[in-house]
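This report refers to the structure that appears directly beneath it.
What follows draws every value from the coordinates through simple rules; no lab data is involved. Bear in mind the structure is a predicted one, so any value in this text is a computation, not a measurement. Backbone-built Cβ (ideal geometry, glycine too); neighbour counts: all protein chains shown.
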């Protein structure tokens, strides 16, 4: 597993979630209750935290669309910051290990499956880019000619 990607994923997500956690401590409640969307997510986050307690930080990690609101909610409820950081880092370690391992192994499988096809991807991409630019250039020239013909009339 690529170690730099692993560390980058953990640190990036950790600081991202720490910002939202401290935002929650500062203005969380009023932010969460100001519109219908965040009120709905607030209720879901509150139920998760009430039902699962500390384990909710691990659960939230894998729920689609539930990365920001729970962090703000935990900050707004005055969740202990040191405890939050420890649990968040543990859950991030698990999360990063799972996702980076999946990407690493599926990437190797795809490379083995597609083999030398990757050598022509650059050529195909370059060809598409050149054709696209030529089409845009021709449209530009045509529009210039049309506008200059209208000015002459």
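Numbers at a glance
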{"read-out": "Linear extension gain, residue 62 paired with residue 27, 0.36 nm per residue minus alpha-carbon span", "value": "10.1 nm"}
{"read-out": "Sequence ranges 65-72, 78-85, ranked by mean other-Cβ count within 10 angstrom, highest first", "value": "65-72, 78-85"}
{"read-out": "Computed [θ] at 222 nm, deg cm²/dmol, the chain (DSSP H ≥ 4; -39,500 (n - 2.57); rounded to nearest 500)", "value": "-30000 deg cm²/dmol"}
{"read-out": "Helix 81-114 axis, angle to the chain major axis (alpha carbon atoms, nearest 10°)", "value": "40"}
{"read-out": "FRET efficiency, residue 86 to residue 3 (Cβ-Cβ, R0 25 Å, nearest 0.05)", "value": "0.70"}
{"read-out": "Highest-first arrangement of 55-63, 4-12, where packing means the average Cβ count within 10 Å", "value": "55-63, 4-12"}
{"read-out": "Angle between the chain longest axis and helix 117-152 axis [Cα atoms, degrees, rounded to 10]", "value": "60"}
{"read-out": "Folded to 0 to 90 degrees: helix 36-52 orientation relative to the chain principal axis, Cα", "value": "40"}
